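A quick write-up on the structure given underneath.
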There are 4 protein chains.
Amino acid sequence: MSAPSPARRTGRPRSPEADRAILDATRAALVELGWGKLTMGDVAARAGVAKTTLYRRWANKNELVVDAVAALFDEHLDLPDLGSLQADVEGVVLRFAALLERPETKTALMAVVAESTRDDALRERIRDAIVDRQKRLVLLGRERAQARGELPREEDPSAAARTADLIFDVIAGAVVHRTLVSAEPVDREWARGFTTLLVGGLTSTQPSGD
Amino acid sequence: MSAPSPARRTGRPRSPEADRAILDATRAALVELGWGKLTMGDVAARAGVAKTTLYRRWANKNELVVDAVAALFDEHLDLPDLGSLQADVEGVVLRFAALLERPETKTALMAVVAESTRDDALRERIRDAIVDRQKRLVLLGRERAQARGELPREEDPSAAARTADLIFDVIAGAVVHRTLVSAEPVDREWARGFTTLLVGGLTSTQPSGD
Amino acid sequence: MSAPSPARRTGRPRSPEADRAILDATRAALVELGWGKLTMGDVAARAGVAKTTLYRRWANKNELVVDAVAALFDEHLDLPDLGSLQADVEGVVLRFAALLERPETKTALMAVVAESTRDDALRERIRDAIVDRQKRLVLLGRERAQARGELPREEDPSAAARTADLIFDVIAGAVVHRTLVSAEPVDREWARGFTTLLVGGLTSTQPSGD
Amino acid sequence: MSAPSPARRTGRPRSPEADRAILDATRAALVELGWGKLTMGDVAARAGVAKTTLYRRWANKNELVVDAVAALFDEHLDLPDLGSLQADVEGVVLRFAALLERPETKTALMAVVAESTRDDALRERIRDAIVDRQKRLVLLGRERAQARGELPREEDPSAAARTADLIFDVIAGAVVHRTLVSAEPVDREWARGFTTLLVGGLTSTQPSGD
DNA sequence: GGGTAACCGAGACGGTACGTCCGGTCTTCAA
DNA sequence: TTGAAGACCGGACGTACCGTCTCGGTTACCC
């Protein structure tokens with residue numbers, strides 16, 4: 001948040017230690033208990049903080065958990081250039097899978113998404129905090145592939161956006177489904193198979209074209 | 001094989017009407033309230049049944065909802081032969097999306113999956129009741145495509161299984177992600193774009209081959 | 001009940017063993033659990049009998065418990081002539097106290113009486129089964145004392161009845177209060193003190209007289 | 001003597017209004033429903049209070065009802081000097097009877113006493129809150145009678161205590177038995193007859209003496 | 001360096017749902 | 001028709017959380 005908190009000047013400032021302790025405690029509770037059993041009282045106790053202090057910062061459980069999980073997605077977002085489209089995609093698949101296999105994300109992500117089907121504000125928050133950050137990697141990967149000549153440049157910007165969305169849904173969806181629904185590991189072999197399929201599709205045709 | 005009634009003889013038998021009424025009430029409550037607000041007491045009241053009667057059959061909310069949702073997957077499982085691999089895949093994509101866009105599945109499915117990350121018995125139940133039924137469509141579609149000569153026959157059965165799993169994760173994952181995370185509709189255009197990408201990948205390469 | 005059940009001839013006759021087993025089980029449960037925790041299901045299980053069998057014989061918990069307790073009051077009703085009013089009263093006091101100190105009566109009696117404050121039929125049943133049987137002892141004792149010349153004969157029968165009621169309330173009330181409320185034992189010393197007080201009052205004045 | 005607030009400092013203090021509202025509601029519910037039908041949820045609703053608030057103060061129905069009834073015994077505890085032993089005893093008898101005939105005490109007292117036969121803590125609470133307060137009247141009455149010269153002074157303090165206990169059991173027991181078991185009213189006539197009997201006994205002999 | 005406004009901990013509060021238990025009834029099969 | 005078994009409805013139980021509130025007490029900033 002770049003905007004400096006608009007109207008707060010006087011009075012005792014909020015403790016930044018409390019912020020950190022609460023988010024840490026939330027993640028720890030998530031790992032131990034899962035979304036369903038996590039309680040605000042327990043998080044407060046773990047953080048050595050009063051419940052009031054939680055509610056002064058987050059309006060409810062959902063918002064707290066989304067923020068706690070979102071922080072995990074801040075890290076691991078760089079995508080080094082691996083030299084080819086195939087290698088870049090494999091890289092992002094493995095990176096995303098590694099994130100999803102961490103116990104705190106595993107439970108939290110689906111639970112938060114489930115909750116968001118009934119709560120537009122929550123969905124917006126998830127999109128900002130989690131989804132769009134992942135999508136940037138796709139855009140970056142395509143940029144590189146086009147620079148290398150592996151993929152043609154798309155003139156129509158709306159078609160380009162549609163294609164990027166599609167690719168993102170395919171990558172993220174496949175990894176999530178493999179990890180959380182099929183409950184099978186995303187290992188190097190699976191990543192190669194999936195990437196080969198995807199890159200084959202991308203290069204053989206122009207999905208949104210024509 | 002012989003006597004399918006393993007253990008119950010004495011006492012009043014459970015009412016099959018109650019079973020039906022409870023599952024119907026669960027689906028209705030899911031539509032109106034969503035997973036989060038659904039309560040056992042409310043379901044019982046809708047079904048005209050005592051709470052005891054629910055708990056005699058299902059140990060908790062999760063199991064009840066899985067069974068209630070699973071019944072929806074029993075219908076809509078046929079896949080008419082549409083004449084080509086492309087058409088068959090488009091068909092299954094649209095059919096699956098239609099299911100996911102129904103309000104009772106939308107919330108319930110993700111919530112139950114989220115819960116299953118902490119509960120192996122629940123995951124097993126989901127797999128049996130929901131996932132494997134969908135996967136059968138993929139196997140059927142491949143069978144037809146091979147019969148038509150659109151796809152080569154895979155000799156190694158374990159490689160064949162791996163490929164089927166991959167395709168299933170890609171299709172189901174992409175549709176779920178598009179519907180629930182991106183929260184965009186799976187319309188005919190998106191289905192065509194996705195299918196083109198997938199079929200392109202399948203025919204241009206042998207994903208698990210080599 | 002002397003009247004032979006009017007209209008029952010055909011079908012399987014009721015098991016008299018069940019009757020006994022149920023009443024025994026009720027008393028046992030009363031001792032272990034007290035009135036409040038006693039449950040019909042538990043009694044049935046102890047008696048090795050189905051709940052149906054209980055309800056075929058008694059309309060509800062109260063009736064069952066009253067009958068079970070009443071049976072205890074059937075015994076111990078004889079009052080041997082001890083030669084003097086003082087000795088006779090002491091005898092009845094000790095006998096009644098012995099009954100009240102048995103664990104099954106201790107809890108049950110007060111509980112049933114408490115229940116009866118809201119239920120006239122129950123009060124009637126208690127009067128018939130328990131109270132009036134005790135009162136007979138008082139009448140018998142007075143009869144003897146009058147025969148011995150220790151007490152004058154009362155001409156007015158309604159005044160005589162009033163006096164007998166008073167004496168009964170005093171004796172029974174004092175013993176019950178000592179035993180259950182003060183929770184102190186009714187030993188020989190207390191019985192002698194109480195009897196001296198009562199007999200002193202009876203002989204020094206004509207309580208209901210004028 | 002100095003600081004009577006032993007242990008509570010931090011946190012929001014308990015609402016004294018809630019205390020009062022709950023006890024009032026309990027008495028009202030007792031009048032309308034009786035002990036057996038009184039429920040914690042109903043009391044909470046009448047008091048405009050959450051069930052939690054009840055359970056934070058009283059562990060169960062018994063304790064709550066004892067306290068609610070005990071408050072009634074706080075009022076009506078004065079015993080004006082009526083000039084003679086006979087008049088004082090008649091006074092206390094009628095006063096006690098008036099209390100017992102109120103619908104909220106009628107059911108509650110016996111039920112709680114019944115429960116106390118299984119629960120020592122409850123008996124202690126009843127003794128402190130109810131029994132001992134009544135007993136003070138007996139001691140006061142004797143004091144006056146001795147001052148007037150109607151009764152001799154007892155030298156041995158333990159014998160004095162025993163006599164007081166006896167008189168108390170006789171008075172309270174007789175009134176309770178008349179009211180709740182015999183279910184007959186304690187009117188002026190009965191009170192006079194009973195008092196005559198008791199005072200006759202007290203003055204004609206020294207019950208515990210010799 | 002004294003106000004003061006916002007902070008913090010503790011914990012009570014109203015509410016809602018939980019999952020269990022029991023009372024009393026009903027239904028099935030067997031004796 | 002009785003009996004055992006056990007499902008059924010209704011309703012209270014006591015507990016657990018949620019999110020709010022009210023205490024006494026603690027900082028940082030600003031004048």
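The values are calculated or read from the model by the stated rules, or taken from the named source; none is laboratory data. All values reported here derive from a predicted model rather than from experimental measurement. Counting neighbours? That spans all protein chains shown, and the Cβs are built from the backbone with ideal geometry, glycine included. Accessible surface areas use protein heavy atoms only, side chains included; no ligands, DNA or RNA. Shrake-Rupley method; radii C 1.70, N 1.55, O 1.52, S 1.80 Å.
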- For chain D, the Cα gyration tensor yields equivalent-ellipsoid semi-axes (√(5λ), largest first, whole Å) of 36, 21, 15
- How large is ³J(HN,Hα) for each residue in segment C:17-30, as worked out from phi by the Karplus curve 6.51 cos²θ - 1.76 cosθ + 1.60 (θ = phi - 60°), to whole Hz, x for Gly and Pro? 4, 4, 3, 5, 4, 5, 5, 4, 4, 4, 5, 4, 5, 4
- Probe 1.4 Å - accessible area at C:ILE130, Å² to nearest ten: 10 Å²
- Mind checking the dipole of segment B:16-57: about its Cα centre, +1 per Lys or Arg Cβ, -1 per Asp or Glu Cβ, Debye to the nearest 20? 120 debye
- Which residues' amide hydrogens lie under 5 Å from the amide hydrogen of A:ARG118, considering only partners 5 or more residues apart or on another chain, with H built in the peptide plane? none
- So which residue of C has the beta-carbon closest to the axis that swings C onto B, and how many whole Å away? C:THR52, 4
- Note on the structure: When the charge dipole of chain A is computed with +1 at the Cβ of Lys and Arg and -1 at the Cβ of Asp and Glu, the Cα pointing farthest to the positive end, of A:VAL113, A:ALA44, A:LEU198, is that of A:ALA44
- Quick one: check the C-alpha center-to-center distance for segment C:16-93 versus segment D:145-210, whole angstrom. 33 Å
- Got a number for the accessible area of A:THR52? Probe 1.4 Å, square angstrom, nearest 10. 80 Å²
- Within 10 Å of each Cβ in A:182-192, the average number of Cβ atoms from other chains: 3
- If you rank D:LYS37, C:LYS61 by how much accessible surface each has, with a 1.4 Å probe, what is the order from largest down? D:LYS37, C:LYS61
- Query: About its Cα centre, how strong a charge dipole does the protein assembly as shown have in debye, to the nearest 20, once Lys and Arg get +1 and Asp and Glu get -1 at the Cβ?
  - Reply: 240 debye
- Note on the structure: Taking only protein heavy atoms and a 1.4 Å probe, the highest-to-lowest accessible-area order of B:THR53, D:THR203 is D:THR203, B:THR53
- Query: Using +1 on the beta carbon of Lys and Arg, -1 on that of Asp and Glu, and nothing else charged, what's the dipole of segment C:70-139 about the Cα centre, debye to 20?
  - Reply: 180 debye
- Tell me what chain D gives for mean residue ellipticity at 222 nm when only DSSP H runs of n ≥ 4 count, each as -39,500 (n - 2.57), the sum divided by the residue total, rounded to 500 deg cm²/dmol. -22000 deg cm²/dmol
- Item | Shielding by other protein chains, C:163-170, mean Cβ within 10 Å | 6
- Accessible area of A:LEU109, 1.4 Å probe, to the nearest 10 Å²? 20 Å²
- Could you tell me which of the pairs B:LYS61/D:LYS61; A:LYS106/B:LYS135; A:LYS61/B:LYS37; B:LYS61/C:LYS37; C:LYS61/D:LYS51; A:LYS106/A:LYS135 are separated by over 21 angstrom between their Cα atoms in the structure shown? B:LYS61/D:LYS61; A:LYS106/B:LYS135; B:LYS61/C:LYS37; C:LYS61/D:LYS51
- Message: For a quick check of your reading of the filter: which trypsin sites (Lys or Arg not before Pro) in segment A:129-162 sit in a DSSP loop and have no more than 16 other Cβ atoms within 10 Å?
- Response: A:ARG153
